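Asker: Okay, here's the structure, questions in a sec.
Derivation of every value follows stated rules applied to the coordinates shown; laboratory data play no part. Since the structure is predicted, the reported quantities are computational estimates derived from the model, not experimental observations. We place every Cβ from the backbone using ideal geometry, glycine too, and count neighbours over all the protein chains shown.
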Amino acid sequence: MTGAHAYESLTPDVVMDALASVGLYGDGRQLALSSYENRVYQLHLEDGPAVVAKFYRPERWSEAQILEEHAFAAELMAAEIPVVGPLTLNGTTLNHFGGFAFSVSPSRGGRPPELDDPDVLEWIGRFLARIHTVGAAKPFVHRPALDLQTFGVDSREWLLKHDKVPLDVQSAWEKASLSAIDLIAGYACLAGARGPKGSESEPLKILRLHGDCHPGNILWTPLDAAASAGPGPHFVDLDDARSGPAVQDLWMLLSGDRQQRQRQLGALVDGYEQFREFDRRELALIEPLRTLRLIHYSAWLARRWEDPAFPINFPWFGSSDYWQGQVQMLEEQMEAMQEDPLVV
C-alpha cells in the first residue's frame, strides 16, 4: 500500500480491527484527532481508559526509525519526564494491521500552555532541559538530522523540479530561496560543519530532540486538575524527533515582537538552566532555523497535496498569492538573519 491515497482503506472498521488485533476492544466511539501527516484517533475501550491510535503514513519513516522514536520516548519516560509514549502490546510498541504500521498510546487531556505566563515558560524550560539531558546521552542511529541539506536544499530542489511554484512567481521565489540558503550555509552547525558562524571554537552540540516542539505538542494540565498524569506540561508527538541543536526545541515557543520574544526566551532559559547549561551561541540559529522551516513547510504541503486531507485543510496553498507571500517572508527572514540575535 503506497502513494498519496494510502489512507483510503483506513475505514473505522479497520481501525477497530487493528485495535482488536493487539487485544484492545473499542466500544465504537472514535474521534479523529488533528494530524495531517499520520492518521490519529482517540478510541474509547469497552473496559479501560481511552487510548490514542496512530497509523503511520506509509513510506515516510522506516520501521527502524519509528522504533528509534519509541525507544527515545521510553528513555524519557524512564527518566520521569512527562512524555506520552506508545504502549507495548504483543511484545512491541509498533504493530501492523491491514498494511499499516500503528502504535497505541494512553490518552492524555490538557490545554495549550499559556505562553504569556513566565512561570509556565520556566516550567516548560525545565522539562526541555531534562529532555535534552537524555537526548545528549547517545545519538540517533536511524533518524536524520535537522540540517540545511534536508530541510532547505532538498526541499527547494524538489519544489522547482516538480514545477510547484507558479511561473509568474517562480523567478522571484527561486532567487529569494537561493539567497536565503546561501545565508544559512554560513552557519556551520546547520551546514554539517564545525562551530557556529564565524567561530573556530568548540562546535555546538548536536543531540536528540523533540524536533517539533510547538505549543500544539505541549498539553498543559492545571494544578487543580485531577489528572493521573499530574499537573504541568506533557509533551506529545515525537514523530518529528531528529538530531539538532538544543535551540530547535525552544524557538517555536516564541512569538510576538522582539521585546516579547526576548521576555519569553528569558523565562525559558531561566527554567532550562536549572537543569542544564544553555549555549548562548545557539541563539544565532533561531532565524536560520525559522527560515529552513519556512522552505520545508512549503515542500511538505506540495508533497502531500494529493492526499485528500490537504486541499480541504490548506485551500490557500499553491496560489500565486501564497508564493508571493513566501517571497516576502523569505526576504524578511534574510533581514532577520543579519540582525543581532536575541540575548539572554
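Asker: Amide H of A136 versus every other amide H placed in the peptide plane: which residues, excluding those fewer than 5 positions away on the same chain, fall under 5 Å?
Answerer: R208
Asker: Hey, another quick one. Apply the Karplus parameterisation 6.51 cos²θ - 1.76 cosθ + 1.60, with θ equal to phi minus 60°, to every residue of the range 114-131 and state each ³J(HN,Hα) to the nearest whole Hz, in sequence, with x for glycine and proline.
Answerer: 7, 6, 7, 9, x, 5, 5, 5, 5, 4, 4, x, 4, 6, 4, 4, 5, 4
Asker: Sum -39500 (n - 2.57) across every DSSP H segment of at least 4 residues in the chain, then divide by the residue count to get the 222 nm mean residue ellipticity, nearest 500. All intermediate terms of the calculation are to be shown ahead of the outcome.
Answerer: Working: 11 runs with 134 residues, N = 344.
Helix-only estimate at 222 nm: -12000 deg cm²/dmol.
Asker: Can I ask one more? Using a basic spin-label model with each label point 7 Å from the Cα along Cα→Cβ, how many nm lie between H96 and R290?
Answerer: About 4.4 nm, to one decimal.
Asker: Note down the nm distance, to one decimal, between modelled labels 7 Å out along Cα→Cβ at M77 and at A64.
Answerer: Label at M77, label at A64, 2.4 nm between them.
Asker: Hey, another quick one. Residue by residue, what Karplus-based ³J(HN,Hα) values in Hz, rounded to whole numbers, does the range 297-304 have, using 6.51, -1.76 and 1.60 with θ = phi - 60° and x for Gly and Pro?
Answerer: 5, 4, 5, 4, 4, 5, 5, 9
Asker: Which ³J(HN,Hα) values, rounded to whole Hz and listed in residue order, are derived for the range 265-278 from phi using the Karplus coefficients 6.51, -1.76 and 1.60 in 6.51 cos²θ - 1.76 cosθ + 1.60 with θ = phi - 60°, glycine and proline given as x?
Answerer: 4, x, 5, 4, 5, 4, x, 4, 7, 6, 10, 7, 5, 9
Asker: Here's another thing I want to ask about it. What shape does the chain have by the C-alpha gyration tensor, where a ≥ b ≥ c are the square roots of the eigenvalues, rounded means a/c under 1.5, and otherwise prolate means a/b greater than b/c and oblate the rest?
Answerer: On the way: a/c = 1.80, a/b = 1.23, b/c = 1.46.
Oblate, because a/c is 1.5 or more while a/b does not exceed b/c.
Asker: Lysine pairs in the chain with alpha-carbon atoms under 30 Å apart, 8 or more places apart or on different chains: how many are there? Can you show the working numbers first?
Answerer: Numbers: K54/K138; K54/K164; K138/K197; K138/K205; K161/K175; K164/K175; K175/K197; K197/K205.
Here the count comes out as 8.
Asker: By how many nm would the segment from E331 to T133 grow when fully extended, if each residue of separation counts as 0.36 nm and the alpha-carbon distance is taken off? Walk me through the numbers on the way to the answer.
Answerer: Values: separation 198, 0.36 × 198 = 71.28 nm, distance 3.58 nm.
Between E331 and T133, full extension yields an extra 67.7 nm.
Asker: Expected output is a single nm value to one decimal: the length gained when fully extending between Q170 and D119, i.e. 0.36 nm times separation in residues minus the C-alpha distance. What is it? Please report the intermediate quantities before stating the final value.
Answerer: Working: separation 51, 0.36 × 51 = 18.36 nm, distance 4.51 nm.
Extra length available between Q170 and D119 comes to 13.8 nm.
Asker: Quick one: which residues, 5+ away or cross-chain, put their amide H under 5 Å from the amide H of H96? H built at 1.01 Å from N.
Answerer: Those qualifying (amide H under 5 Å, at least 5 residues apart or on another chain) are F102.
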